[in-house]
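Novice: Here it is: the structure, laid out below.
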Amino acid sequence: LHRLIRRQRQMCIRDRLKTKPFKIEDCDKNKKIIIYGASVYGELAYRGLKAAGISPTFFCDQSNQRDIYLGIKVISPQQLGDYVNDNIIIASADFFFEIREKLESIGCKNLFDMRYLLKENLDIESLSNRAQEMYANRQHYIDIVSHQDENKIIFNRIQYVITEKCTLRCKDCSHLIPYYREPENINIQKYKRAFNLLIEQIDYLAELRILGGEPFLSKDMEQLVLDYYMNPKIEQISVYTNGTVIPSDNVIKALKKGKVKVHISNYVINEEKIKRLTAILEKNKIRYFVRKYDAWQESGGVDYRGYTDEQLERKFGNCFERNGYTFLKGRLYRCPRVAHAINLKAIPDLSGDYIDLQNWNSGVEQLKMQINALQNKQWLRGCNYCEGPDNHTQSIPAALQCRRNIPYTRLGE
């Protein structure tokens, strides 16, 4: 009951809050301009403002990792109490609704989104590699903010895991793929009813991500695209690959469908194979983006940490995967790492951290309440088995390879 009351209160907040697209003529020139989000979308908002001939007064961010970002002072959310009447631009896609509700709760009155700023012709060369990716995919942000007025169940992204197999063995993989001793492809037909049940209850999904492991290793890759590319609730389908596998002709045909885009992770060690893949994608006029990864956030091993509730909430609040909703073998998880850790039986089966759609028999309204509850979690019990990868700190080299699978104690052994 407490969760339901809290959700109803949050939904009322969502109705009251309506950001406006930031336009110079609509903002009060005598008030400060603050960009909430000192990360990649913050960079895009900054460049968009500069293209319009103005500069922000501050960045604001909940992380305490930096005092200056792009030469501009960074203030904390606690300091926003002094600027509740100023102009605040929300520079985040994954956490847009969360930030908007936080800003309303502290009394901020002039909230803007950056959909028009993203339509500026930005100098691509001046952007970081990550910002170039987000700018190329800016429609994702625009689609999300355009649905903010609707009192509905909205997901920014859901990651559909179709295989545990991978061609790389990255030691620090946040999805724990090197832990699998006998990885397998996942039979999507077995879990199709469960995923359809989920899609039936939600109102809008900005991005369905298909991944693994390496998704092009799955024979079901093609069918998953064909099953959902026409679904009106799904805005975009993204296939996340490391570029080491050339897809079959049938998969190529599926990738040419509307809504589909291929995201290629470049770890340098796979650059030659990526050249072959991109040549094929270009020949077939398939949309793609290559992102070069130099560093990753550290998640650590799967041992139990024993954090306090305060530590759990702080780590979860800073985690880049806290909205990494993951569909794995008929279950919807809030976090991909928790999903794989439970699947591996590396940690206990923490039922509160997921919804079991495969065995759901409690009715539609109860399911919607469970989805709302999962979206409103302030931390997960599974966070106790993670270092807490900070959204702003990339502290380890990307894609370091290990020679063999990572050993761990499987529960029950």
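Novice: Largest first, how would ARG403, ARG337, ARG193 line up by accessible area (1.4 Å probe)?
Specialist: Sorted by accessible area, descending: ARG403, ARG193, ARG337.
Novice: So with the 1.4 Å probe, I'd like the accessible area per residue for the chain, rounded to whole Å².
Specialist: 46
Novice: Quick one: check the C-alpha center-to-center distance for segment 53-72 versus segment 328-366, whole angstrom.
Specialist: 38
Novice: Going by the alpha-carbon gyration tensor, a ≥ b ≥ c the square roots of its eigenvalues, is segment 55-124 rounded (a/c under 1.5) or, if a/c is not under 1.5, prolate (a/b greater than b/c) versus oblate?
Specialist: oblate
Novice: Measure nothing fancy, just the Cα-based angle from helix 96-105's long axis to the longest principal axis of the chain, in degrees from 0 to 90, nearest 10.
Specialist: Its long axis makes an angle of about 40 degrees.
Novice: Per-residue accessible area for ILE24 at 1.4 Å probe radius, Å² rounded to 10?
Specialist: For ILE24, solvent-accessible area is about 60 Å².
Novice: Please list, in order along segment 189-195, the HN-Hα scalar couplings obtained from phi with the Karplus expression 6.51 cos²θ - 1.76 cosθ + 1.60 (θ = phi - 60°), rounded to whole Hz, x for Gly and Pro.
Specialist: Along segment 189-195, the couplings run 5, 5, 10, 5, 4, 5, 5 Hz.
Novice: Quantify, in whole percent, the carbon and sulfur part of the accessible surface of segment 215-345 (1.4 Å probe; protein heavy atoms only).
Specialist: Result for segment 215-345: 47 percent of the exposed heavy-atom area is carbon or sulfur.
Novice: What is the helix-to-structure angle for 2-16, meaning the angle in degrees between its Cα long axis and the longest Cα principal axis of the chain, kept from 0 to 90 and rounded to the nearest 10?
Specialist: 50
Novice: Right, here's the next one. Kindly express, to the nearest 10 degrees and within the range 0 to 90, the angle between helix 40-51's C-alpha long axis and the longest C-alpha principal axis of the chain.
Specialist: Once rounded, one gets 40 degrees.
Novice: Next up: Scan [x] 0.98; [y] 1.06; [z] 1.19 for the value of Cα Rg over 2.2 N^0.38 Å calculated from this model and give just the label.
Specialist: [x]
Novice: Local charge sum around GLY382 (other residues, Cβ-Cβ under 12 Å, Lys/Arg +1, Asp/Glu -1)?
Specialist: Net of charged neighbours comes to +4.
Novice: Show TYR408, TYR141, TYR116 ordered by accessible area, largest first, where the area counts protein heavy atoms only and the probe is 1.4 Å.
Specialist: If we order TYR408, TYR141, TYR116 from most to least accessible, we get TYR116, TYR408, TYR141.
Novice: Moving on to the next point. Report, for the chain, the % of DSSP beta bridges that are antiparallel, rounded to 5.
Specialist: If I count the DSSP bridges inside the chain, around 25 percent turn out antiparallel.
Novice: Could you give the distance between the Cα centres of segment 199-251 and segment 290-312, to the whole Å?
Specialist: 26
Novice: Could you list, in their original order, any pairs among LYS20/LYS256; LYS152/LYS283; LYS73/LYS273; LYS23/LYS233 whose Cα atoms are separated by more than 31 Å?
Specialist: Correct reply: LYS20/LYS256; LYS152/LYS283; LYS73/LYS273.
Novice: Continuing with this model, one more query. Counting Lys and Arg as +1 and Asp and Glu as -1, what is the net charge of the other residues whose Cβ lies under 12 Å from the Cβ of SER218?
Specialist: -3
Novice: At 1.4 Å probe size, what's the solvent-accessible area of VAL268? Round to the nearest 10 Å².
Specialist: Accessible surface of VAL268 is approximately 80 Å².
Novice: Please list, or write none, the lysines whose alpha carbon is within less than 28 Å of the alpha carbon of LYS345, excluding same-chain residues fewer than 8 places away.
Specialist: Those lysines meeting the cut-off are LYS165, LYS171, LYS190, LYS192, LYS219, LYS315, LYS329, LYS368, LYS377.
The values are calculated or read from the model by the stated rules, or taken from the named source; none is laboratory data. Owing to the predicted nature of the structure, the values given are computational and were not obtained by experimental measurement. FYI the Cβ positions are ideal-geometry reconstructions off the backbone, even for glycines, and counts take in every protein chain you see. The protein model used for the area step is the full one, side chains on, heavy atoms only, and it has no ligands, DNA or RNA in it. Shrake-Rupley method; radii C 1.70, N 1.55, O 1.52, S 1.80 Å.
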